[in-house]
Amino acid sequence: MDKFIPLSVPNLKGNELKYVTDAVETEWVSTGGAYIDRYEAEFANYVNAGTAVACQSGTAGLHLALILSGVEKYHEVIVPTLTFIAAVNPVKYLNAYPVFMDCDDSMCMDMAKLKEFCKTECTLIDNKLINNSSGRHIKAVVVVHVFGNMVDMPAVMDIAKEYNLKVIEDATEALGTYYLDGRYKGKYAGTIADIGVYSFNGNKIITTGGGGMMVSSDTGIMKRAKYLSTQAKDDAVDFIHNEVGYNYRMTNLQAALGVAQLEQLEHFISIKKENYSIYKSRINDDINGLRMLGFRDDIRPNYWFYSVYIVNTEKYSRKKIIESLANDHIQTRPIWGLIHEQKPYMHAQTYKIERAFDYYNRVVNLPCSSNLSADDVYKVIEKISAIS
Ligand SMILES: *Cc1c(COP(=O)(O)O)cnc(C)c1O
């Protein structure tokens, strides 16, 4: 039987066991310990962010990022519809309302539509952006760097400035992606807006099992992030809590994994880049009706996820590709279900969503783990070319 080729799995062949063993042997396994401090410092150093605060998951980080951005009950937050639902759910945790935006051809939020929405559907009153249809205050926008690509950050930062919006970058999928050119040359995904958030779940480019990180150049905000993530403890001896906090801190065991994973991140990116180039050249040159989607020209992507786009929908459907590769023991997946179509969000406001449907129907993600060999990649391509 053919060996199973998974979509995206952890690669733990570095110092993971050594550091985790050390954490266990020293009996620092909970939400304190040297690996947490070390992971935060090394992570901040890698993405060149001011400060990093580790937390329990990407979702927890996004929840705190919204709180730190001042999002409260009855506010609205602009979010993409084409994303993983974790980027949107925290808006609901705060009893605020999402407004869904379309994507552009990078599959990230469409900045032309965002701008048009702010201009034509909203009014700036006392420097607050008010949504004409709901009368509510739009406080923030959450942008997601999809599959290793970069959101058009200069555009979103300009719009945010003009309309007084806070910007949160969900940079989970683009850890390691940075601008090669332009206003933000050298800047990493997650470090441009007010707050950046990353997840280290099992399928991400580096993993801590479960875990997340928040970064900001504002040390005051990061101090508050740490405070809120540790039950808002104002006095550790007398247990004084002046606010409602959360148990969102990362554990030392997770951080031990994270330190070891971060050491290998650039190596993982180089493997992912090589495998991506094989897919791209073979599929684009040799297979009619399919095309590998690319990344923005002005970035060094992290090549996290590979997306094949169905050009010829008479010959291919995403169902056909996914099922036929599954028969060959190759795991692929469709893009996420659009969030504005999910049950909790069906009645939320949307703005001119068009392209997201197209990508939803036509994109399939191909195996992309950093321990995938070139032979595995050739095998996937061979099986794709055999689909008729
Ligand atoms: C995986 C992912 C998350 C979720 O993070 P968790 O750590 O699983 O809570 C959030 N946003 C995006 C874009 C993701 O891909």
Query raised in the report: Whole number please: convex hull volume per residue of the Cα set in segment 176-286, in Å³?
Result: 142 Å³
Query raised in the report: Just how large is the dipole of segment 212-288 about the Cα centre, in debye to the nearest 20, putting +1 at every Lys and Arg Cβ and -1 at every Asp and Glu Cβ?
Result: 120 debye
Query raised in the report: So what are the radius of gyration and Dmax for the Cα set of segment 36-177, in Å?
Result: 15.1, 48
Requested in this report: Indicate, rounded to the nearest 5 percent, the antiparallel portion of the DSSP beta bridges found entirely in segment 16-263.
Outcome: 55 percent
Report summary line: Checked against a 26 Å limit on the C-alpha separation, the offending pairs among 18/280; 119/352; 204/273 are 18/280
Query raised in the report: Rounded to the nearest 500 deg cm²/dmol, what is the calculated helix-only ellipticity per residue at 222 nm for the chain, with -39500 (n - 2.57) per DSSP H run of length n ≥ 4?
Result: -10500 deg cm²/dmol
Query raised in the report: Assigning unit charges at the beta carbon (Lys, Arg +1; Asp, Glu -1) and nothing else, what dipole magnitude in debye, to the nearest 20, does the chain show about its Cα centre?
Result: 600 debye
Query - 21 Å Cα-Cα threshold exceeded, pairs from 161/187; 320/379; 73/223; 319/343 - result: 73/223; 319/343
Query raised in the report: Sorted by average packing, counted as other Cβ atoms within 10 angstrom per residue and highest first, what order do 281-290, 360-369, 53-62 take?
Result: 53-62, 360-369, 281-290
Requested in this report: List 78, 130 from most exposed to least, where exposure is judged by having the fewest other Cβ atoms within 10 Å.
Outcome: 130, 78
**Report entry** Cα centroid separation, segment 190-261 to segment 278-292 (Å)
**Finding:** 41 Å
**Report entry** For segment 1-59 versus segment 315-388, the gap between their alpha-carbon centres in whole angstrom
**Finding:** 28 Å
Query raised in the report: Across every pair of different alpha-carbon atoms, what Kirkwood hydrodynamic radius in Å does the chain reach?
Result: 21.7 Å
Report task. Under 13 Å from the Cβ of residue 105, count the other residues' Cβ atoms, weight Lys and Arg +1, Asp and Glu -1, and hand me the total. Result -> -2
Query raised in the report: Ranked highest first by the average count of other Cβ atoms within 10 Å around their residues, in what order do 209-217, 169-177, 311-319, 333-341 fall?
Result: 169-177, 209-217, 333-341, 311-319
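Where a number appears in this text, it was derived from the coordinates with a stated rule and is not lab data. Given the structure is predicted, the values throughout are model-derived calculations rather than measurements. Cβ sites come from the backbone with ideal geometry, for glycine too, and all protein chains shown count toward neighbours.
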